[in-house]
1. Looking at segment 73-92, is at least one residue surrounded by 13 or more Cβ atoms within 10 Å (Cβ to Cβ), in contact with a helix residue (DSSP H, G or I) (Cβ under 8 Å, 6 or more places away or on another chain), on the phi > 0 side of the Ramachandran plot and not hydroxyl-bearing (Ser, Thr, Tyr)?
2. Tell me which helices (runs of 4 or more DSSP H) are completely within segment 189-248 and hold 1 or more residues being at pLDDT 80 or above and buried (at least 20 other Cβ atoms within 10 Å of the Cβ), or say none if there are none.
3. Identify all residues within segment 115-149 that are over 17 Å from Arg178 (Cα atoms) and surrounded by 17 or more Cβ atoms within 10 Å (Cβ to Cβ); write none if there are none.
4. Give segment 249-291 a look and list any residue that's of a type in the set (Lys, Arg) and assigned to a helix (DSSP H, G or I), or say none.
5. Mind checking which residues of segment 3-50 are touching a helix residue (DSSP H, G or I) at 6+ places or on another chain (Cβ under 8 Å) and small (Gly, Ala, Ser)?
6. With respect to Phe43, is the statement that it is closer than 30 Å to Ser268 by Cβ, surrounded by 18 or more Cβ atoms within 10 Å (Cβ to Cβ), touching a His at 6+ places or on another chain (Cβ under 9 Å) and not assigned by TED's automatic domain parsing to the domain that holds Arg266 true?
7. Does Glu166 satisfy the criteria of being more than 24 Å from Ala57 (Cα to Cα), assigned by TED's automatic domain parsing to the domain that holds Glu36 and in a loop (DSSP other than H, G, I, E, B)?
Amino acid sequence: MNADDDVRRVQELNEAFRRITGELGKVIVGQQQVIEELLIAMFARGHCLLVGVPGLAKTLMIRTLADSLSLKFSRIQFTPDLMPADITGTEVIQEDKSTGTREFRFLPGPIFANVLLADEINRTPPKTQAALLEAMQEHQVTVGGRRHKLSEPFFVLATQNPIEQEGTYPLPEAQLDRFMFNVFVDYPDEDEEFQIVKQTTADVHYEITPTLSADDITALGQIVRRVPIADSVMRYALQFTRLTRKEKTEVPAFIRDYVSWGAGPRASQYLVLGAKARAVLHGRYYVSGEDIRAVAYPVLRHRIMTNFNAEAEGIKTDDIIRLLIETIPSDETEAAGRGRQPQVFRSADAG
C-alpha cells in the first residue's frame, strides 16, 4: 500500500471517528475527551483503565462503544471470590460415548471476546488480576499447558472506583503498565447533567448503528503505525518519560522533590502510538507536538509514582505532567530562545 492509499484511509478513519462519536452521542451525554481517548487507545491497539466515581456511565460507554464498532463484547464483574478460570476458561473431561474414551476439552471463558469489560477490576485478588496479564500482552491464554489465541482485535477496558478502597486490591505496577491509557472520567457540568436526567428519566430508546467491523479496525490500526513522525517530535515525546527518571538524567527540581519512580520505555512507545492515532482521528497524516501533549496525561498518569512530599503537599501526578508540559520546549524556536532542555531537538551525536 502506497502513501496515497494511506492518506485515503486516514480520511476514512476520520469519517469513522465522526460516525462513532455520533452514535455514542445518542446514548452518552458529554464526555467527549473520554470518548476520544478511548478511541485513540483502541486504534493504537492498546488497553484502557477508566477511573471515576460510580454513576458516570463508564460501563454504558464501553458497551455502547462495542456496539457501535460491531465487536463481540464480554463483561466480567470482578469480585473477591472470582477465580482465574472464571476469566480464561477451563478444561473439562468429555467422554466419547461411541468409544468410551475420555479426553480434556477446553471451554473458553469470557476473555474470548473483542472488547472485554473488566468492571471494578480492583475488587478481585492479585491472583485473578494476573489472569489478564498474558492476554493483555500476548493476546493469548495458557490453560493446561496449551496456548489459546484470542480473537483480533482484542481490548481490555477496565473500570475502577477511586473513592472506596475498603475491600479492594490495588493493581500491581506491572499490570498498570499494560494499560496504554489511564482515563479519568469526571463529573458532568450542569447542562450535561440536565440532559442526562432528562434523557434517562423518559421512555426513550436509541438504536446504535455499527460503523466498523473487526477487520476494519485491524486494518486501520496498521495505518496508525505507518503514520510518519519527525525525529524532533519523537525526541520531544521521549523527554516526557526520560525527565521523570531522577536516577538517570538531570531532571527539573519538581521531579526530584515529588517523584519516587519515573515512567519506563513503554510510556515512550505509547506516547508516540497515541499521538499517531490522535493525528489520524483528526484527519492528519503527520504527528505534531500538540498530539504528544494531548496524550501525555492518560499515558503518564499511572506510570509516575509520587513520594510522601507530594502527598503531603497535595501534588498529584496530573500536576507533575502539567509542569513537564510547561517545562519542556515544544518547538525548536522556543528551545533555542528559552534555553530549557535544548537537547530535545538535538541529534544524538550533536555537539
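The values are calculated or read from the model by the stated rules, or taken from the named source; none is laboratory data. As the structure is a prediction and not an experimental result, all values here were calculated from the model. With ideal geometry, Cβ positions are generated from the backbone for all residues, glycine too; neighbour counts draw on all protein chains shown.
1. no
2. 214-226, 231-242
3. If the condition is that a residue be over 17 Å from Arg178 (Cα atoms) and surrounded by 17 or more Cβ atoms within 10 Å (Cβ to Cβ), then Arg123, Thr124, Val143, His148 are the ones that fit.
4. Selection gives Arg256, Arg266, Lys276, Arg278.
5. Ala16, Gly30, Ala41, Ala44, Gly46 - these are the residues of segment 3-50 that are touching a helix residue (DSSP H, G or I) at 6+ places or on another chain (Cβ under 8 Å) and small (Gly, Ala, Ser).
6. Considered against the rule, which asks whether it is closer than 30 Å to Ser268 by Cβ, surrounded by 18 or more Cβ atoms within 10 Å (Cβ to Cβ), touching a His at 6+ places or on another chain (Cβ under 9 Å) and not assigned by TED's automatic domain parsing to the domain that holds Arg266, Phe43 comes out as no.
7. no
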